[in-house]
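Let me begin by presenting the structure, written as structure tokens, before commenting on it.
The values are calculated or read from the model by the stated rules, or taken from the named source; none is laboratory data. Not measured: the values here are computed from a predicted model. Cβ sites come from the backbone with ideal geometry, for glycine too, and all protein chains shown count toward neighbours.
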Amino acid sequence: MEKLVTSNLKLGIIAGGQLGKMLIQEAGKWNIITYVLDNDENCPARSIASHYIKGDNLSFESVYEFGKMVDVLTFEIENVNIEALKRLKAEGVRILPDPDILELIQDKGLQKQFYESHGIPTSPFKLYDSESSIKEDIEKGQLNYPLVQKLRKGGYDGRGVAVLNNSDDFPKLLPGASLIEEKVEIAKEISVIVARNKSGEVKCYPVVEMLFDPAANLVDKLICPSSISVEQSEKAITFAGRIIELLDMEGLLAVEFFIDTKGEVIVNEMAPRTHNSGHHTIESIITSQFEQHLRSILNLPLGSTNPKLPSVMINILGAEGFEGPVIYEGLTESMAIEGVKIHLYGKKITKPYRKMGHVTVLSSTLESALNKAEKVKQLIKVKS
């Protein structure tokens with residue numbers, strides 16, 4: 001087991017959004033020196049990082065020069081210049097999770113092939129180089145509606161995805177290399193976060209259930225514990241653990257699943273980092289996902305993933321029709337409700353559906369937490 005040297009350990013984080021900020025908040029408890037790379041001088045993490053470096057996460061030069069400043073390099077976003085990471089790795093910089101794993105996960109087509117080759121259940125798919133070839137197969141009857149198109153690279157938070165239910169949706173096709181998969185008849189969407197360190201220790205968090213805002217295509221509520229069966233929960237946890245072992249990965253992995261209308265558990269996609277579906281862990285689980293990520297990449301003993309109380313998390317999103325300097329409504333009233341924990345990310349400008357923060361509601365029962373969360377959702381508004 002490696003020693004944690006808090007007096008001089010330099011941790012680099014590529015991208016300084018809310019995930020980077022919350023990771024730095026945990027690193028600060030251990031007196032770790034933190035560096036953050038981000039092009040946005042007003043990024044949330046800048047205000048608390050030990051050192052802010054202005055630079056583009058897709059620029060070879062920015063990523064390479066940044067990596068040489070630190071002892072351990074990690075990231076809060078998948079869109080990172082892989083060639084720079086590989087050069088740094090070859091020169092001895094510790095990058096966790098490994099660049100080869102990030103390269104696979106960056107490409108949703110390679111992800112699907114990985115699941116297929118290892119017998120991990122996922123929806124049937126085909127890979128395409130362009131939208132024109134997709135149109136040809138639709139016209140030939142080789143693809144049948146409804147179907148889902150996902151760009152192989154660059155998509156996040158619902159972007160880079162097109163759902164085509166019939167021929168009227170034909171204009172929704174996105175340009176670029178993509179995959180087409182059968183539209184799953186979804187009963188529930190769930191997520192499992194799993195961590196693994198260099199010693200091979202693996203810990204999975206309890207399954208969470210995700211309810212989505214159809215307009216924003218973002219998580220509206222996150223529920224823990226989930227309402228799925230014990231068998232379904234065990235399957236999801238087993239698959240998540242198997243995936244991180246197959247990847248031989250050090251770090252935190254979020255695996256999102258569909259449960260279809262037949263009750264089958266199907267892998268949707270994964271992210272090699274802390275994740276929106278784990279924000280509740282800050283208050284509701286003994287070890288938060290951010291602390292666990294640090295433990296895993298520093299090869300420290302992994303922390304307990306046992307829950308404290310039932311919880312519901314809601315995202316605080318920018319209200320539709322508002323863009324500009326942020327104004328929050330309803331925070332005081334929400335804080336008067338027992339068990340409400342508010343996290344504001346520090347973004348100066350609001351936009352429709354932009355993630356501005358989150359709220360975790362803890363209660364003795366899940367029903368009580370859900371009722372309180374609904375009150376908070378009605379109270380808090382983000383305007384300009």
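If a residue must be over 24 Å from GLY12 (Cα atoms) and in a strand (DSSP E or B), how many such residues does segment 256-280 contain?
Let us first name the residues in segment 256-280 that are over 24 Å from GLY12 (Cα atoms), namely 256-269, 280.
From what's left, in a strand (DSSP E or B): 256-260, 265-269.
Counting residues in segment 256-280 that are over 24 Å from GLY12 (Cα atoms) and in a strand (DSSP E or B) gives 10.
Against the test of being touching a Phe, Trp or Tyr at 6+ places or on another chain (Cβ under 8 Å), under 17 Å from VAL36 (Cα atoms) and touching a residue at least 60 places away in the same chain (Cβ under 8 Å), the options VAL80, VAL70 yield a single qualifying residue, VAL70.
Filtering segment 95-106 to residues that are surrounded by 17 or more Cβ atoms within 10 Å (Cβ to Cβ) and either among the small types (Gly, Ala, Ser) or out of contact with any Leu (no Cβ under 6 Å at 6 or more places or on another chain) (or both) leaves LEU96, PRO97, ASP98, LEU102, ILE105, GLN106. I want to confirm something. Restricting to segment 198-219 and keeping residues that are within 22 Å of VAL376 (Cβ to Cβ), in contact (Cβ under 8 Å) with a residue 60 or more places away in the chain and surrounded by fewer than 17 Cβ atoms within 10 Å (Cβ to Cβ), which single residue is farthest from the chain's Cα centre (by Cα)? If we take residues in segment 198-219 being within 22 Å of VAL376 (Cβ to Cβ), in contact (Cβ under 8 Å) with a residue 60 or more places away in the chain and surrounded by fewer than 17 Cβ atoms within 10 Å (Cβ to Cβ), then ALA215 is farthest from the chain's Cα centre (by Cα).
Summed over segment 325-379, residues that are assigned to a loop (DSSP other than H, G, I, E, B), in contact (Cβ under 8 Å) with a residue 60 or more places away in the chain and over 21 Å from ASP213 (Cβ atoms) total 2. Sub-9 Å Cβ pairs linking a first residue in segment 18-31 that is assigned by TED's automatic domain parsing to the domain that holds GLU76 to a second residue that is aromatic (Phe, Trp, Tyr) and part of a helix (DSSP H, G or I), at least 6 apart or interchain, are LEU19/PHE290; MET22/PHE290; LEU23/PHE290; ILE24/PHE290; GLN25/PHE290; GLU26/PHE290; ALA27/PHE290, ordered by first then second residue.
Within segment 134-162, the set of residues being farther than 20 Å from LEU104 by Cβ, among the β-branched types (Val, Ile, Thr) and at pLDDT 90 or above comprises ILE134, VAL148. Every test in (1) free of Cβ contacts under 8 Å to residues at least 24 places away in the same chain; (2) in a helix (DSSP H, G or I); (3) over 29 Å from PRO301 (Cα atoms) is passed by LEU85 save one, and that test is (3). The residues of segment 311-332 that are touching a helix residue (DSSP H, G or I) at 6+ places or on another chain (Cβ under 6 Å) and surrounded by fewer than 20 Cβ atoms within 10 Å (Cβ to Cβ) amount to a single one, GLY330.
With the condition kept exactly as written, say whether any residue in segment 290-305 is part of a helix (DSSP H, G or I) and aromatic (Phe, Trp, Tyr). Even if it seems obvious, please write down each step before you answer.
Initially, segment 290-305 is screened for residues part of a helix (DSSP H, G or I), giving 290-297.
In the following step, the residues that additionally are aromatic (Phe, Trp, Tyr) were identified as 290.
Checked segment 290-305: at least one residue is part of a helix (DSSP H, G or I) and aromatic (Phe, Trp, Tyr).
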